[in-house]
Amino acid sequence: MNALSIRNLRKTYNNGFEALKGINLDVDEGDFFALLGPNGAGKSTAIGIISSLINESSGSVSIFGYDLKTDRSRAKSCLGLVPQEVNFNQFDTVKSILFNQAGYYGTPRKLALQRTEHCLKQMDLWDKRDTVSRRLSGGMKRRVMIARAMVHAPRLLILDEPTAGVDIEIRRAMWKMMQEVNEQGTTIILTTHYLEEAESLCRNIAIIDQGLIVENSDMTSLLARLHVDHFVLDLAEPLAEVPSIPGYQLERATDKALNVAVPKETGLNQLFSQLSALNIKVISLKNKSNRLEQLFMDLIESKSSGVKQ
Ligand code: ADP
C-alpha cells in the first residue's frame with residue numbers, strides 16, 4: 001500500500017508561474033522518505049497541496065488510498081504536518097496545545113489525554129507539559145510542533161525542515177526521536193537542507209528542481225554517485241591547454257584555475273605528481289562546495305544538458 005501517491009501534479013500560480021510541472025511520486029507505507037531540492041524548487045507547493053493548504057491546478061494526490069479530492073476528510077485524518085514556522089499559540093501550555101489539536105480532529109477526551117501524554121513522552125517533553133510554550137527553547141518548540149502533528153495518530157507524517165537552525169546536538173536527539181516514530185510504524189516524509197540528515201535517516205529520496213522530479217531512488221545508490229570530490233586548483237601560470245591525466249576529470253575554470261573531479265579511492269597524490277611532471281605549478285587547492293550543493297548541481301546539470309529546450 002502506498003502512503004502517498006501523486007500523479008501528474010501541476011500547479012500554476014495566479015501570476016502564471018508554473019511551480020509544479022507534472023510530478024509523479026510514490027511513497028511506500030513505513031518508508032522514511034526525503035524530499036530535497038534547492039530553494040524555489042517547488043517543495044512547499046507540493047507539501048501545501050498534499051496537506052490541502054494549496055489547491056492544485058491539475059493531477060491527483062491520494063493518501064493511503066484516499067483521494068484528496070473525493071475523500072478529503074479521510075485523507076486528511078491520515079496526515080500530520082509539521083510546517084517550517086512555529087505556529088502554535090505561544091501563550092498556551094504545551095499540554096493544551098496537543099489536547100486542543102486532538103479535539104480539532106474529533107478525538108474523544110479520554111483518548112485525547114492518552115495521546116497527549118504518549119506524544120509528549122515520545123518527544124521528551126512530558127516534564128514541560130505545564131510550561132507556557134513561549135518559555136521553551138527553540139529546539140523544544142520544534143518538538144512541540146512534531147508532538148502536535150502526531151496527536152491524532154496520523155499514519156503519514158510530513159516534516160518540513162524540522163531541524164532548521166537547531167544546533168547539532170539537538171538535531172541528533174531529534175533524529176533519534178523521528179527514527180523511533182518511524183520504527184513504530186509511521187511513514188515519514190522529510191524535507192531538509194542537511195544532506196547528513198537525509199543520509200542518516202531516509203531510505204528513499206526524491207529531488208525536485210524547477211517543478212520537476214529530477215531524481216527518485218534509494219539513498220544507497222544515490223550516495224554511491226557522490227564518491228567523487230570536486231576541487232578548484234589555482235595555478236601559478238596561465239594554462240595554454242587543459243592537460244589530460246588518466247583517472248581525473250579536469251576542466252578549465254579560468255585561465256589560471258582548473259576544476260578537477262577526484263574519485264575518493266584515487267586521492268590527490270597522483271594528480272599532483274602528474275601536474276608537476278607537466279611543469280604545472282599549483283598554488284592552492286580548495287574544495288568546490290559541500291556535498292548537498294554538489295549533488296544538486298551534478299544532478300540538475302546532467303538532467304538539463306540532456307533535455308534540449
Ligand atoms: P521551495 O519550497 O522548494 O523553496 P516553493 O514551492 O515555495 O519552493 O516555490 C516554488 C516556486 O513557486 C518559486 O519560484 C516561488 O517563487 C513560486 N511561488 C510560490 N508561491 C507562490 C505564489 N503564491 N504565487 C506565485 N509564485 C509562487
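The values are calculated or read from the model by the stated rules, or taken from the named source; none is laboratory data. Remember, predicted model here, so these are calculated numbers, not experimental data. Don't worry about glycine lacking a Cβ; one is built from the backbone with ideal geometry, like all the others, and counts go over all protein chains shown. Accessible surface is based on the protein model in full, side chains and every heavy atom, while ligands, DNA and RNA are left aside. Shrake-Rupley method; radii C 1.70, N 1.55, O 1.52, S 1.80 Å.
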Q: Work out from phi, with θ = phi - 60° and the Karplus expression 6.51 cos²θ - 1.76 cosθ + 1.60, the ³J(HN,Hα) of each residue of segment 160-172, listed in order in whole Hz, and give x for Gly and Pro.
A: 9, 6, x, 10, 4, x, 8, 6, 4, 5, 5, 4, 5
Q | Accessible surface of segment 1-95, 1.4 Å probe, proportion on carbon and sulfur as whole % | A | 44 percent
(Q) For segment 61-198, what does the relative contact order come out to in percent, with C-alpha contacts under 8 Å and a separation of six or more? (A) 28 percent
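I need the shape label for segment 133-285. Rule: rounded when a/c is under 1.5, else prolate if a/b > b/c, else oblate, with a, b, c from the alpha carbon gyration tensor.
Details: a/c = 3.33, a/b = 2.58, b/c = 1.29.
Prolate.
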Q. How large is the accessible surface per residue of the chain, computed with a 1.4 Å probe and reported in Å² as a whole number?
A. 51 Å²
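Counting GluC sites (Glu not before Pro) as exposed when in a DSSP loop with at most 10 other beta carbons within 10 Å, what is the longest stretch of the chain free of them? Please report the intermediate quantities before stating the final value.
Working: sites that count: GLU85, GLU241, GLU265.
For GluC sites (Glu not before Pro) (loop position, at most 10 other Cβ atoms within 10 Å), the longest site-free span of the chain is 86-240.
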Q) How big is the shadow of the Cα convex hull of segment 2-223, averaged over all directions, in nm²? A) 11.9 nm²
Q: State the antiparallel share, in %, of DSSP beta bridges confined to the chain, rounding to the nearest 5.
A: 70 percent
Q) Looking at the square roots a ≥ b ≥ c of the eigenvalues of the Cα gyration tensor of segment 72-161, which shape do they give, rounded for a/c under 1.5, prolate if a/b is larger than b/c, or oblate? A) oblate
Q) By how many nm would the segment from GLU241 to ASN269 grow when fully extended, if each residue of separation counts as 0.36 nm and the alpha-carbon distance is taken off? A) 7.9 nm
Q.
Given the options GLY211, HIS227, GLN122, identify the residue whose Cα lies farthest towards the positive end of the charge dipole of segment 117-238 (+1 on Cβ of Lys, Arg; -1 on Cβ of Asp, Glu).
A. GLN122
Q. Could you give the angle, 0 to 90 degrees to the nearest 10, between helix 138-150's Cα long axis and the longest principal axis of the Cα atoms of the chain?
A. 60 degrees
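Please compute the contact order of the chain in relative form: average sequence separation of alpha-carbon pairs under 8 Å and at least six residues apart, divided by the residue count, as a percent.
19 percent
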Q | Calculated [θ] (222 nm, deg cm²/dmol) that DSSP helices of n ≥ 4 give over the chain, each run adding -39,500 (n - 2.57) | A | -10500 deg cm²/dmol
Q. In the neighborhood of ALA240, defined by Cβ-to-Cβ distances under 11 Å, what is the net charge if each Lys or Arg adds +1 and each Asp or Glu adds -1?
A. -2
